[in-house]
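Each value in this text was obtained by applying a stated rule to the coordinates, not by laboratory testing. In this text, all values refer to a predicted model and were calculated from it rather than measured experimentally. Cβ placement follows ideal geometry from the backbone for every residue including glycine, while neighbour counts extend to all protein chains displayed.
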Amino acid sequence: MSVIRDDTAFKQAIDALPTARQRALGARFVRRLADLSDDYRLKQALECAERGTPPSDAELLSYYRAARSVEVETYTACGHNVDWRAMATHYVARAIAACVAPEATLVPGIDVPAYDAAMAARMAKNCERLAKGDEGECREMEFQYDIINEFLELS
């Protein structure tokens, strides 16, 4: 197995995974940033995505709706004066929603749970950095490459 170090290989590796494995991988991407939100609904949804046993469709739908609710609430909370912390929570919610999206809501070829979670996690990290005034280089992409390499190695 080759080591993933670019987004093309990253996306190809994710595309090759079945949805259940994508949920688990997406949850790993999000786990690093879970402390950006203290919303219990997101914590529960993330725990669902991380579980080893597949959740039921009803359970996924419940957690998906909860995560989407947080996503909408935090988006509208940002208003005209951008609150970067709220935006970070918004993207964490989006990433978690991707991890628990029921199969019936996924559009083939467009919705890719692990990739969608990874992109939202990168946005959350950027928002966190802006909130802190951090002007250094963001290394979230490299952390995600390490996560997927370890995930695939353990498979």
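Go ahead and run the numbers for FRET between Thr8 and Leu130, Cβ-Cβ distance against an R0 of 35 Å, rounding to 0.05. Calculated transfer efficiency: 0.80.
Over the chain, dividing the summed -39,500 (n - 2.57) contributions of all DSSP H runs of at least 4 residues by the number of residues returns a 222 nm mean residue ellipticity of -22500 deg cm²/dmol.
What size of dipole, in debye to the nearest 20, comes out for the chain about its Cα centre when the only charges are +1 on Lys and Arg C-beta atoms and -1 on Asp and Glu C-beta atoms? Before the final figure, lay out each step's value.
Values: 19 positive and 25 negative charges, 34 e Å.
Result for the chain is approximately 160 debye, rounded to the nearest 20.
For the chain, averaging the sequence separation of C-alpha pairs within contact (under 8 Å, six or more residues apart) and dividing by the residue count gives a relative contact order of 31 percent.
At Glu153 and Val82, where each label point lies 7 Å from the Cα along Cα→Cβ, what is the point-to-point distance in nanometres? Here the answer is 3.6 nm between the modelled labels. Over all other residues within a Cβ to Cβ distance under 14 Å of Met123, the charged ones net out to +2, with Lys and Arg as +1 and Asp and Glu as -1. With neighbours defined as other Cβ atoms within 10 Å of a residue's Cβ, the residues Cys48, Cys127, Cys138, Cys99 order from fewest to most as Cys138, Cys48, Cys127, Cys99. Three principal axis extents describe the C-alpha atoms of the chain; from largest down they are 45, 39, 25 Å. Charged neighbours of Pro102, selected by a Cβ distance under 12 Å, balance to -1 (K, R count +1; D, E count -1).
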